[in-house]
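Here the structure comes first, spelled out in structure tokens, and everything after it is commentary.
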Amino acid sequence: MSARQPHLSEPTPATTATAASNPARTPLLDHATLVTADGASWLASASAYPRSTLALWESRPHAPVVLPCGSTFDVVSVPAVFGRRMLDRLWDEGPGSGPVAAHRGRMLIFAAPGTAQRLPSLLAWEEWSPAVPAPLCHGTGDAVTVPPLAPPDETAPTERLGSRWLVAPDTRNPWLPGPEALLWASVRVARTMAGAAVRISIFPPADQDAKVYDVSRRR
């Protein structure tokens, strides 16, 4: 009888052994970055053949999969650094986020269907839009590559380690931010970055004997 394949939500023996022998690797097993069975079912529901997609993941949990957008979710892709700051804003000051992935130097924010169509229009009317990196919005008719369900394999090529979940799907009905929430986060980040740039730029090269006042500390 062949050995049983581990379930989607179960850590593999190799992964468990690695974590036990090397505590520095334990963040890979953090709950937020692990896709549960319910989360996998939600992702697969975006496919035209959900059962086939789940079967593929059962046999190859380290394989990325291309999924269509527009019905189950839209995806907003932003540069990694800007996206990380957006994510911080959403969690620290806003409503939180749905699933989020990192892929090839960009952050993929899973959003409510319809966001891809509305967000660019909302940004166009926003006075801070020039300071916001133009997002790549994937909606109906588009498809995205989602990271593997399992944590990256130690033996995987380096380029594959850049595709991973930051906030993994863990339910069959996750809350997804709409265009208004992503607009709010984008503008907050842009304003913060602009304010930091202004504080830095007001300090010209000073004479060694001159007294310099840090005006950014004024109340």
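The values are calculated or read from the model by the stated rules, or taken from the named source; none is laboratory data. Bear in mind the structure is a predicted one, so any value in this text is a computation, not a measurement. A quick note on method: Cβ atoms are made from the backbone with ideal geometry, for glycine too, and the neighbour counts reach across all protein chains shown. These accessible areas exclude ligands, DNA and RNA; they are computed on the full protein's heavy atoms, side chains included. Shrake-Rupley method; radii C 1.70, N 1.55, O 1.52, S 1.80 Å.
Would you say Val75 is outside any helix (DSSP H, G or I) and open to solvent by less than 60 Å² (accessible area, probe 1.4 Å)? So Val75 passes the test.
For the stretch 35-72, a residue qualifies if it is assigned to a helix (DSSP H, G or I) and in contact with a Leu (Cβ under 6 Å, 6 or more places away or on another chain), and the qualifying residues are Ala37, Ala40, Ala44, Trp57.
For the stretch 119-151, the tally of residues that are surrounded by fewer than 20 Cβ atoms within 10 Å (Cβ to Cβ), under 16 Å from Pro68 (Cβ atoms) and not charged (D, E, K, R) stands at 5. Of all the criteria given as (1) within 20 Å of Cys69 (Cα to Cα); (2) surrounded by 14 or more Cβ atoms within 10 Å (Cβ to Cβ); (3) without any contact (Cβ under 8 Å) to a residue 60 or more places away in the chain, the one not satisfied by Ile109 is (3). Listed conditions (1) in contact with a strand residue (DSSP E or B) (Cβ under 7 Å, 6 or more places away or on another chain); (2) modelled with pLDDT of 95 or more; (3) within 27 Å of Leu123 (Cβ to Cβ) are all met by His103, apart from (2).
Name the strands (runs of 3 or more DSSP E) wholly inside the stretch 88-150 in which the number of residues that are in contact with a Lys or Arg (Cβ under 6 Å, 6 or more places away or on another chain) is 1 or more. Outline the logic, then answer.
Details: elements: 100-103, 106-111, 136-138, 143-146.
Of the strands (runs of 3 or more DSSP E) lying wholly inside the stretch 88-150, those with at least 1 residues that are in contact with a Lys or Arg (Cβ under 6 Å, 6 or more places away or on another chain) span 100-103.
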